[in-house]
1. Mind ranking Asp74, Asp41 by accessible surface for me, highest first, 1.4 Å probe?
2. Accessible area, 1.4 Å probe, largest first: how do Val6, Val44 sort?
3. I need to check one value: relative contact order of the range 83-173, counting alpha carbon pairs closer than 8 Å and at least 6 residues apart, in percent.
4. What nm value, rounded to one decimal, do you get for the distance between Lys140 and Lys18 when each label is placed 7 Å out toward the C-beta?
5. Just the number, please: carbon plus sulfur as a percent of the accessible area of the chain, 1.4 Å probe, no ligands or DNA/RNA counted.
6. Whole number in Å², please: accessible area per residue of the range 1-93, 1.4 Å probe, ligands, DNA and RNA not counted.
7. To the nearest 10 square angstrom, how much accessible area does Val114 have with a 1.4 angstrom probe?
8. Set the Förster distance to 25 Å, then compute FRET efficiency between Lys70 and Asn121 from the Cβ-Cβ distance, nearest 0.05.
Amino acid sequence: MGEKFVEENGVYQIDCSKAIGATDQIHEVYHKAGVQLKDCDFLVEDNESFYLIEYKNANINNAENPAAFKPEEDKMLNKVVQKFYDSLHYLYLTGKKKPIEYIYVLEYPKGDIVTRKRLRNKMKQKLPFKLQDNIGTGNKLIEKVEVLSIEEWNAHEKYGIFPITQVTAVAGS
């Protein structure tokens, strides 16, 4: 595909050139259709899975009040979880069926591996893991959830082939 998507602050980008498919336009599709759904920032597809990616970085220079950013609070956590559920509509309408992994790439002043794992565990309770187990048909809405730093994302054996890097100015762009 050759696509690189720049996050909303214009500081970082995700390189999806090795993806089968990728988009950062779910929001635009929903907006154009007039539906009030939330969406993940990026959708990346490889041979085996779909990766719904929510990206939040409160560690950048122009971040608004980074000390007040508390991703572990229920209100913020519920918004991130809702983006997963609402993005399922887009995936369903594409007609493609692959396992779905939800990855929250998160950078914030008090973030570390322990807080990210704790956040992942809270998210897991709010996502449909128990529902799909209780119904027991083998069908799944979600395969996995992760909360990772940019460094952890880039070092991951699967996700790292879609590196997240700082945007560099290129002459003529």
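The values are calculated or read from the model by the stated rules, or taken from the named source; none is laboratory data. From a predicted model like this one, the values you see are computed outputs, not experimental measurements. Don't worry about glycine lacking a Cβ; one is built from the backbone with ideal geometry, like all the others, and counts go over all protein chains shown. These accessible areas exclude ligands, DNA and RNA; they are computed on the full protein's heavy atoms, side chains included. Shrake-Rupley method; radii C 1.70, N 1.55, O 1.52, S 1.80 Å.
1. Numbers: Asp74 95, Asp41 45 Å².
If we order Asp74, Asp41 from most to least accessible, we get Asp74, Asp41.
2. Details: Val6 70, Val44 0 Å².
Sorted descending by solvent-accessible area, the residues read Val6, Val44.
3. Details: 67 pairs, mean separation 30.4, N = 91.
After rounding, I find 33 percent.
4. Simple spin-label model gives 2.2 nm for this pair.
5. Working: 4940 of 10140 Å².
It is 49 percent, rounded to a whole number.
6. On the way: 5250 Å² over 93 residues.
Here the per-residue accessible area is 56 Å².
7. 90
8. On the way: r = 17 Å, r/R0 = 0.66.
My answer for the efficiency is 0.90.
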